[in-house]
1. Look at segment 80-89 and say how many of its residues are within 18 Å of Glu50 (Cα to Cα) and either away from the ligand (no atom under 14 Å from the Cβ) or open to solvent by less than 60 Å² (accessible area, probe 1.4 Å) (or both).
2. Is it fair to say Phe313 is over 23 Å from the mean Cα position of the chain (by Cα) and not in a helix (DSSP H, G or I)?
3. Keeping to segment 157-173, report how many residues are crowded, with 21+ Cβ neighbours inside 10 Å and over 23 Å from Glu50 (Cα atoms).
4. Can Ala582 be described as under 24 Å from Asp428 (Cα atoms) and out of contact with any strand residue (DSSP E or B) (no Cβ under 9 Å at 6 or more places or on another chain)?
5. What's the total number of residues in segment 27-63 that are within 15 Å of the ligand (Cβ to nearest atom), in a helix (DSSP H, G or I) and of a type in the set (Val, Ile, Thr)?
6. Restricting the first residue to segment 224-238 and requiring it to be under 12 Å from Asn268 (Cβ atoms), which pairs with a second residue that is open to solvent by 20 Å² or more (accessible area, probe 1.4 Å) meet a Cβ separation below 6 Å and a spacing of at least six or different chains?
7. Testing Gly567 on (1) among the small types (Gly, Ala, Ser); (2) over 24 Å from Pro447 (Cα atoms); (3) open to solvent by less than 50 Å² (accessible area, probe 1.4 Å), one condition comes back false. Which one is that?
8. Pull up segment 220-267, narrow it to residues that are assigned to a helix (DSSP H, G or I) and at pLDDT 95 or above, then point me to the one that is most open to solvent (accessible area, probe 1.4 Å).
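The values are calculated or read from the model by the stated rules, or taken from the named source; none is laboratory data. Values in this document were obtained by computation on a predicted structure and should not be read as measured data. Virtual Cβ from ideal backbone geometry, glycine too; neighbours counted across all protein chains shown. Note: accessible area is taken over every heavy atom of the protein model, side chains too, but ligands, DNA and RNA are not part of it. Shrake-Rupley method; radii C 1.70, N 1.55, O 1.52, S 1.80 Å.
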Amino acid sequence: MSKQTYDGNSISILEGLEAVRKRPGMYIGSVSTKGLNHLIYEIVDNSVDEYLAGYCNEISVYLEPDGVAVISDNGRGIPVEINDKTGLPAVQVVFTVLHAGGKFENENYKISGGLHGVGASVVNALSVWLEVTVKRNGLIYEQRYERGKVVSELRVTGKCKKNETGTTVRFLPDDEIFEKTYFKASMIRNRLHETAYLNPNLTIHFSNRRPGEEIEITYHEPEGICAYVKKLNEERQNPLHDPVYFKRQVGSIEVEVAFQYTEDFGENILGFCNNIYTAEGGTHLTGFKTKFTTIMNQYAREIGMLKEKDANFTGTDVRNGMTAIISVKHPDPRFEGQTKTKLDNPDAAKAVAEAAGEEIVFYFDKNLETLKKVLSCAEKSAKIRKAEEKAKTNMLTRQKLSIDSNAKLANCESRKPEECEIFIVEGDSAGGSAKTARNRRTQAILPIRGKILNVEKATMDKVLANAEIKTMINAFGCGFSEGYGNDFDISKLRYHKIVIMTDADVDGAHIATLLLTFFYRFMPELITHGHIFIAMPPLYKAIPKKGKEMYLYDDAALAKYRKTHKGSFTLQRYKGLGEMDADQLWETTLDPETRVLKQVEIEDARMASSVTSMLMGSDVPPRRQFIYENAAEATLDI
Ligand code: 0RA
């Protein structure tokens, strides 16, 4: 054992990492697959910092067959020299001392840490073992830790060329901490690709070496966020111009923006701070939007599109058709909001507004054709808006009249939103059984027929005219947010659980997706505040000769049952919700004691847009696969 263990410093070090093991959720968000993947992002982010400092251009991430993750870079190598304060090699400090908020070394403007930028020591604390290899000074150094504790002093294990430098971290996540220790490759790949878009001179190699999943892939996006915008627009109709791009330093804040209009209706604007996707937006986006609205209205008047008597275009008008990435680098980011993904620094709004104000004018003054195309998108939006403002007033009065005479909704008795649940059920027959089976006091049933409108493609008037959508807006009670009026008010939500209940087949998958798209586009807070769930009815029921009957929710559960259950049993297969009688429906999908619900969560922009784009196409994967790809971890909702 190392002699440092006995001094006061080391004792507090151990206590620090113990705290991480006791309450891992505090440091990495959760112990689900999302938290597990986060371990990799933490280590990758350190390497990206080395890239941002100008010393690294390649990062590799490997998933090994034995569950180990390997992350290596060609940076300067984490310093191995003795750190004055602790008397320990700096690399050991990096892996064994908990750095508050990950702001270690802030003095030399280290851009690090966003949502959980907690650093390498947290990864170390949550691993069965971790090994770090540093190439530096022509030597190869190695150290190993187990569950955060030093098991061998840092030692030189070999030689390398003087100019060969870098850091490699290998670790095995701890199955005592995580629910599952199987990294989710698709999520990691999305994140790495996004990192490549945001860091154009960086090359990221990914290699999945796990049996059955083998793949090697390199992410390198020299066109950066311009390429990202183009990629996002591949799913949209006809881009109207080449992306507009600028990058500018304003004080200590770097602002980088790319946008491109298409003929599609609506907007898609993604914000990032220090490479972290800000799902809830924030000051960088408001700074951009405010400035952009002002500029475009000035132009519209200059070219005579808006006359003196005309009202200004709204922000929504001028962003109609826009796909944009707003990326800022901030030395001291603050995040707020439900999921701590909303940038809160007022100076970010100022910096983006200042940069956008000058750069956008500079661009449009020289590109009048593009300016005109963009303004005609605004004009189109304004026209529809005016027509729809009328239609909406009419609709809302009609809806107010029909609110209680809506035959399809079987409402619950309680008026306490915290305990109320609404089940959106595919098909009248399942809807009928659900109405019989439910707990009438707290559970409302809304049967929907066929497919609701594809809101991604439809215009607002069609969306609002759709019967199922009207009924939902009505039932939830909190309005809707995109487009005209920003009426959404989550405090008025009547049901704190909104449960999508569709069949486990292709049609069911499609309907679930359309519903999610609708929520994502028009009521995104329902998702970010955790109100949307997907019911997971079982696929099978095993009825053994002796012992208890058991519902099995997927084929993996069936395989496990076959392995562990001794003796014969009959297997009942459920095809659809409509085939279950009321009792079965209660037991399997409605009863809070026994049902399985998945909470829907928008992992990041890519996930969200793949929910909508992948499933909108003709190639609709089975619902279960979709749920596993896009919903959060399964939670027994008890
Ligand atoms: C601080 C100083 C120096 C390198 C690093 C940090 C560093 C950290 C990580 C984490 C992953 N990969 C990394 N690569 C480098 C270098 C100081 C010097 O050489 O003078």
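1. Number satisfying all stated conditions: 1.
2. yes
3. Residues meeting the conditions: 1.
4. yes
5. Matching residues across segment 27-63 total 4.
6. The qualifying pairs are Val229/Pro243; Asn233/Pro239; Glu235/Ser613; Arg236/Asp264.
7. Failed condition: (3).
8. So the residue we want is Lys230.
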